[in-house]
């Protein structure tokens, strides 16, 4: 059965707050055993926090927009004490420790099942109300953490299809402890200057399929996480990402840095990555481990962004396992396969393990990888960015086709590279391999 929000007297004039009408439609649909809540097309509905419930499909007709209100207090769903006007004394790219629990919520659900968000309408996070310090390279937020666009926790059988998610000021689609998730054909259109507005963040999730999506986001595109605040949900496993197109000012595909539990059985395949700082970045910083992952049939066309404001240095593949703090019990990375990957890049491949942990990166296969190095921007390439890392953040050395430290059993098969004239004077050794063993190059 359909529950049209116009029947609940939603106005849709882009001025009136329609939260009560939309929430009433959701509540009535849920109470009746389930159905579809229809957001009528061609109108903009200003909203405070909305709570989705079991057996409800939120369907946005073509031309329908649910837009966050301009009053930050409207999203304090749990009446928490928050200083909305804080000016960050330390920028969030320097201090961004986050346990995964926000203070503000826009589209929210917890402990439910059979929830869908579908249709060709749009959900708009009204990013401008969160702006803090601005430069030509980045917009920081007024405070940290800010409001995720969709925060969905402990949901079983979740479907998000076709909708456009836009102007998020923080993590756009944060999935926490969810199981049996399908994200298909969505568009994420975020401001590429606004820090921390990741695309999709599966966090302690299981049995997830992400397919056919277009993602434009800053910081990262698709990020697998295991945050401290959601540790009760256990490891992340059985996740696939296929046929996606990703643009990011940080990493297009990323693991971490929040990694307090294990990641296993993850596939990323048939994707195009472009205009991105890092292509694939695996950043283990905590006690979790990463095992049994496959990356195949991927085109990576990346470029450097401001070293101060954005993590990374234009690497197509970056694998690091380093302690967040001096007393961190760091996990390991092993059994990863990279195959059939074309890289058009400003920097080479970096693989760097924790020197105190006796090869906590091992058994990595890189098969049929082509790397073309060229100069695209003014930014220096001779900096290895290890943030966050308790020993140091940046290491200045000549950059290489492959830079490898403190790892074991890395196999390169059918690996080839070319170097443009415009970058040859900047490069050091082709292969820079130290403090490692079992590195096979064929």
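Applying the Kirkwood pairwise sum to the alpha-carbon positions of the chain produces a hydrodynamic radius of 22.2 angstrom. Hey, with R₀ at 45 Å, roughly what FRET efficiency would residue 430 and residue 287 work out to, going by the Cβ-Cβ distance, to 0.05? That pair, residue 430 with residue 287, gives E of 0.80.
Just round it to a whole percent: the fraction of Cα-Cα distances in region 182-325 exceeding 19 Å. For region 182-325, the fraction of Cα-Cα distances above 19 Å is 47 percent. Within region 105-441, antiparallel bridges make up roughly 5 percent of the DSSP beta bridges whose residues both belong there. As a rough footprinting exposure proxy, the listed residues 70, 345, 6, 289 were ranked by other beta carbons within 10 Å of their own, and the order from fewest upward is 70, 6, 289, 345. Considering only 81, 148, 91, the Gaussian network model of the chain with Cα springs below 10 Å gives its largest mean-square fluctuation to 81. The calculated FRET efficiency for the pair residue 238 and residue 395, based on their C-beta separation and a Förster distance of 35 Å, comes to about 0.50.
The ranking of 173, 395 by Cβ neighbour count inside 10 Å, starting from the fewest, reads 395, 173.
Simple spin-label estimate for residue 99 and residue 13 gives 4.4 nm between the two label positions (7 Å along the Cα-to-Cβ direction from each Cα).
Subtracting the Cα-Cα distance from 0.36 nm times the residue separation, let me have the gained length for residue 78 to residue 272 in nm, one decimal.
On the way: separation 194, 0.36 × 194 = 69.84 nm, distance 3.97 nm.
Contour length minus the Cα-Cα distance gives 65.9 nm.
Fully extending the segment from residue 422 to residue 228 would add 65.4 nm, taking 0.36 nm per residue of separation and subtracting the current Cα-Cα distance. Fully extending the segment from residue 133 to residue 51 would add 26.4 nm, taking 0.36 nm per residue of separation and subtracting the current Cα-Cα distance.
Laboratory data are not the source of any read-out in this text; all were calculated from the coordinates shown. Everything numeric here is computed off the predicted structure, so don't read it as measured data. For neighbour counting, all protein chains shown are included, and Cβ atoms are generated from backbone atoms with ideal geometry for every residue, glycine included.
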